[in-house]
Structure formats: structure tokens, C-alpha cells
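Notes for the one structure printed next.
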Amino acid sequence: MEDLFSVCGKIRLRKGEGRTLKAGGAWIYDNEIEWMSDEIIDGHLVEVLDFDDYFMGIGFINRKSKITVRMLSRHTDIVDEAFIEERVRAAVEYRFDTVDTSACRLIFGEADFLPGLVIDKYSDVLVVESLALGIDRFKSLIVEKVKEILREKGIDIRGVYERSDAKVRTLEGMERVKGFIGDEFDTNVEIVENGVHYMIDVVNGQKTGFFLDQKYNRLAMQKLCKDKRVLDCFTHMGTFALNAGIAGAKEVTGLDISEYAVEQARANAKLNGLEDTVHFKCANVLDELPKLNEAGEKYDVVILDPPAFTKSREATKNAIKGYREINMKGLKLVKDGGYLASCSCSHFMTQELLTKTIKEAAKAVHKRLRQVEFRTQSPDHPILWEAQESYYLKFYIFQVVDEK
């Protein structure tokens, strides 16, 4: 059996580098490293030394990646099975303390000190996403530890599916893979969230099959939607639309460019007995909103949950234009005194940038905004301070009033 825990060598940081690491971050970039020992093996553990040989911890190395080392431990030089079990147990216990665990993210990479790994739980199924070479070697062990800890809590996992098919794996020099870990099983899984039933397709759904990070933001919208006319843009599987419907909205329209997503959304509406009030249309949202405006349509509640307009710092300028445009178009459709929910799921679109962009959009269409609430991602996606990549979802709720 492969020795997972052997340390294959050492690296030393350049003088003056490692500032992010020293502030609590988890990554060391290639240009921060002065020297590494000859026996280094990509994907294995290395000791990390400061420029003066001060021991800083242990991490996974991958020379094919710009993020050359992802830190696994600090201060301790012992990484063994007990260490991994302690990390996994802490992650699972945290979820049981903070969220409804019937469907939740059990492990969230760097924010749970298990860099590059995501494990989502949908009822009695686990979906695993491995994004880094080093953690890939530990994947099977971590999955077994998760199953053991859940079994202690009376939860038996009937199957595990891997969705390591994200493009980012290519930056690590890894192939994109998906498939069963262990025995095959029925991969259509029913979950209940906020009283809404969903059928999740863990094989073909986006990411790991469902967007768990908006769980409590969807719940927050329920209280605003009773007896209201609601427009849910970028509805995906109909999540915000169905929360509006279950809360007693009189009419809900969901828009999404993906026919597959719309079909799933319609099936989920039927599953909840909401097909008479919650309807979905396959359309490009940016094209559809002006048409609705020209037709004189107005809504009590408009929800904007777009995909990330940027996945790199370099593309942020264009992303700002995209967010400004979608918010201008959405604001025009809100009745005087109605509500707008607007969010961004890109960590490059900071809260400050998003705030400025929405403010500019409101000014351009002569709307006044009264902030009801600012929210972030669900607590099962914890934000680790100094690990900026762990803070990505920003969610505003506004009341929209005409200038008077």
C-alpha cells in the first residue's frame, strides 16, 4: 500500500515571501520558492521552511501548478491517519452545529484545512470533487472517514460519486474524471431544503449536482414572496422560484438559458405541486429582460442569481459591466416599493465592487435602493479569514423605490 504520510523533501521560501501564508492563507506560489530538495515528488508531502530555515508546516507540492504548495498542517511535523480523522471529524461536527445536514457541504477545501477537496452530502449520497493533486491521494481515506463519522451519527451512506470534472484540474496537470467511488447506485437523489423537494442528478447537474451555498438566502426570500408576482432570473433548477412558490407567491416565472436546467425545474415544480403557479422558460436572461420591459411587465420581486461573470482577476473589468447591465435590466422590472435580490458568486467581485456596481445601475435607471439585508454563503461554506478564495458569495436584498 502507498505510504500517504511520508514527507518526500523540503522547500525554502525566498526572503520576504510567504506573506499570505504567514497571515493565515493556505497557498504558496511558484515565485515564492527559493529552493527545493532534489527528491521532491509531485503530489506528496513536503516540509515548508522560511528563508531562515524556520519550520512553517507541511503541505502538498505540485510543480505543475502555479499554486505549488497547499498547506495541510502548521507547526506540527506529524501528518498521519489520526491527523486526517481529526480534520474530517472537526469539519463534520461543525456542520451538525451550524446547518441542516440533510443536504449540505461537509468539506469545503481550504476553509476546512483539507485543501482542494469538496464533499457534498445529498440525503444518503456523497459527491466528491478533488481539485488538487496532493489531496487526490488522500481522497479515498477521507471519504471513508466521513462515512465512519456519519455512521456514528446513525447515517448510512449508500453511495459515493466523484465529480472531479472541473476545468481547474488541468491547471494541476490532472485529468478531468467522474464516476462511482465504490459500488454503483441510483444517482437521482431526492432532497428537501427549506420545505422544498428537489430531485438531484449528481452525474449531470452543475458542479456536484446542486448549489447548496444559497440555502438560507433562498429561505430569506420566502418571507417577501407571499401573494407576490416573482421573477427568478438564472433559475437553474428553479431553486429561488420554488422557494417563492412554497411561500405562497401568486405567480412565479423562472428564466434560464439551459433547456436541461429548465426541464429539471419543471419536474421539481411538479414534485412540489407548484406547477400551476411556478412556470419556467428557456431564455437568455440578458435578452429576455428588455422584452419583458417593453411589454410593460412589472414584478413585486425580482431575483438575480447569475453565474460568475469572472473567474480571474484579469476579467473583472468586463464582469463589472455584466453585473451593471443585469442589475439595470432587473431594476426596470421591479414595481415601485417592490424588492430586488442581487448577488455575485465570484470572489474576484468583492463586496465593495458589487456594492458600487449595483449603486451605479440604480442611478442609471433612476431607482432608489433601501437595503433590507446583506448576506453571504451558507455556513456549511465557511469563510476562512485570510483565505480570500473561500469568501465568494455576496447577496443583497433591496426595496426598490422610484425617485420622487
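Any read-out appearing in this document is the output of simple, stated calculations on the displayed coordinates, not a laboratory observation. Please read these numbers as outputs of a predicted model, since none were measured by experiment. Using ideal geometry, Cβ is built from the backbone for each residue, glycine included, and neighbour counts are taken over all protein chains shown.
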query = With N residues in the range 331-404, what two-decimal value do you get for its Cα radius of gyration over 2.2 N^0.38 Å?
reply = 1.22
key: Reachable aspartates and glutamates, given that their alpha-carbon falls under 12 Å from the alpha-carbon of LYS22 and they are not under 8 places away in the same chain   = ASP50, GLU386
request  = Run the quick spin-label model on MET36 and SER102: label points 7 Å from Cα toward the beta carbon, then report their separation in nm to one decimal.
outcome  = 4.6 nm
query = Scaled to the compact-protein estimate 2.2 N^0.38 Å, what is the alpha-carbon radius of gyration of the range 213-401, rounded to two decimal places?
reply = 0.97
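Set the Förster radius R0 to 25 Å, insert the Cβ-Cβ distance between ILE257 and GLU294 as r into 1/(1 + (r/R0)^6), and round the FRET efficiency to 0.05.
On the way: r = 20 Å, r/R0 = 0.79.
For ILE257 and GLU294, the calculated efficiency is 0.80.
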request  = Just report the Cα centroid separation between the range 1-44 and the range 189-247, whole Å.
outcome  = 41 Å
remark   = Taking max minus min of the Cα coordinates of the range 81-190 on each principal axis, largest first, gives extents in Å of 38, 32, 23
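For the range 7-73, build the convex hull from the C-alpha positions and give me its volume per residue in Å³.
Numbers: hull volume 4.8 nm³, N = 67.
Expressed per residue, the convex hull around the Cα atoms of the range 7-73 is 71 Å³.
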message = Given the -39500 (n - 2.57) contribution per DSSP H run of 4+ residues, what per-residue ellipticity at 222 nm results for the chain, rounded to the nearest 500 deg cm²/dmol?
response = -9000 deg cm²/dmol
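Averaged over all directions, how much area does the convex hull of the C-alpha atoms of the chain cover when projected, in nm²?
Working: hull surface 82.5 nm².
That works out to 20.6 nm².
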task = Taking the chain as the reference, fit the longest principal axis to its C-alpha atoms, fit the long axis of helix 316-331 to the helix C-alpha atoms, and give the angle between the two in degrees, 0 to 90, nearest 10.
result = 30 degrees
message = Suppose we keep just the alpha-carbon trace of the range 113-268; what are its Rg and Dmax in angstrom?
response = 17.3, 52
request  = Sticking with the crude label model, points 7 Å out along Cα→Cβ, report the distance from VAL365 to ARG176 in nm, one decimal please.
outcome  = 3.3 nm
ask   = Toward the positive end of the charge dipole of the chain, about the Cα centre and with charges on Cβ (Lys, Arg +1; Asp, Glu -1), which of PHE51, GLY254, LEU126 goes farthest?
value = GLY254
